[in-house]
1. Could the peptides A:94-106, B:63-75 be put in order, highest first, of the mean number of other beta-carbon atoms found within 10 Å of their residues?
2. Taking just the C-alpha trace of chain A, give me its Rg and Dmax in Å.
3. Considering only chain A, what is the antiparallel percent among its DSSP beta bridges, to the nearest 5?
4. Using a simple spin-label model with points 7 Å from Cα along the Cα→Cβ vector, what separation in nm is obtained for residue B:54 and residue A:97?
5. Counting DSSP beta bridges with both partners in the protein assembly as shown, what percentage is antiparallel, nearest 5?
6. Test of understanding: express the Cα radius of gyration of the protein assembly as shown as a ratio to 2.2 N^0.38 Å, with N the residue count.
7. Multiply the residue separation of residue B:18 and residue B:65 by 0.36 nm, subtract the distance between their alpha-carbon atoms, and state the gained length in nm to one decimal.
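Bear in mind that the values in this text are calculations on the coordinates, not laboratory data. Model, not experiment: these values are computed from the prediction. When we count neighbours, we look across all protein chains shown, and the Cβ atoms used for this are built from the backbone with ideal geometry, even at glycine.
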């Protein structure tokens with residue numbers, strides 16, 4: 001009974017580089033969410049997938065951020081031309097039915113991204 | 001002003017004490033979540049509620065929709081309860097899948 005997993009757990013990169021963060025949701029969960037958590041803050045919504053499609057990407061801060069979920073399971077968050085302000089913990093969550101806030105979301109341990 | 005405000009920001013207690021963490025919000029909501037985050041660890045969902053009260057073990061969550069307020073109580077607190085407790089709401093006027101989070105309350109329970 002694996003939970004949500006995220007890789008890598010830590011990523012250090014240089015300003016301007018490209019990074020990919022991976023999320024493996026709980027098997028069978030239709031919905032997947034990405035959040036970003038800065039130090040001392042609560043998580044902030046980035047994007048929501050229902051199946052393979054991004055149902056809402058309104059939380060992505062700008063066009064350097066992009067996420068995919070091609071087969072409706074694993075998702076990858078991609079950040080181009082990273083900036084120091086992108087440094088944060090990136091959290092992934094999944095839920096069974098895609099009811100969003102109306103059902104329990106299961107969170108992964110997060111990827112801690114540091115942009116130097 | 002943030003949509004979700006939590007108080008206190010930090011809370012220190014002695015083992016065995018009764019703990020209350022508060023969450024106030026400024027929008028109409030369809031659901032409210034309480035979550036727990038251990039240092040360096042992931043987030044665990046504790047409760048989801050839209051009315052009344054829920055209890056799980058030593059944890060109790062209440063919500064007053066009219067007053068736009070929720071409380072999380074911990075009875076007989078223990079050092080292992082030390083964590084950040086986060087309140088999150090679903091705005092009933094927005095997307096039903098989008099959680100808006102408070103900044104969290106850091107609870108430290110000393111033995």
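1. So the order, starting with the most tightly packed, is A:94-106, B:63-75.
2. Here Rg and the maximum Cα pair distance are 13.3, 39 Å.
3. Roughly 90 percent of the DSSP beta bridges within chain A come out antiparallel.
4. Roughly 1.3 nm, to one decimal.
5. Rounded to the nearest five, the antiparallel share is 90 percent.
6. Scaled against compact globular proteins, the figure is 1.01.
7. Numbers: separation 47, 0.36 × 47 = 16.92 nm, distance 2.36 nm.
The residue B:18-residue B:65 span can extend by a further 14.6 nm.
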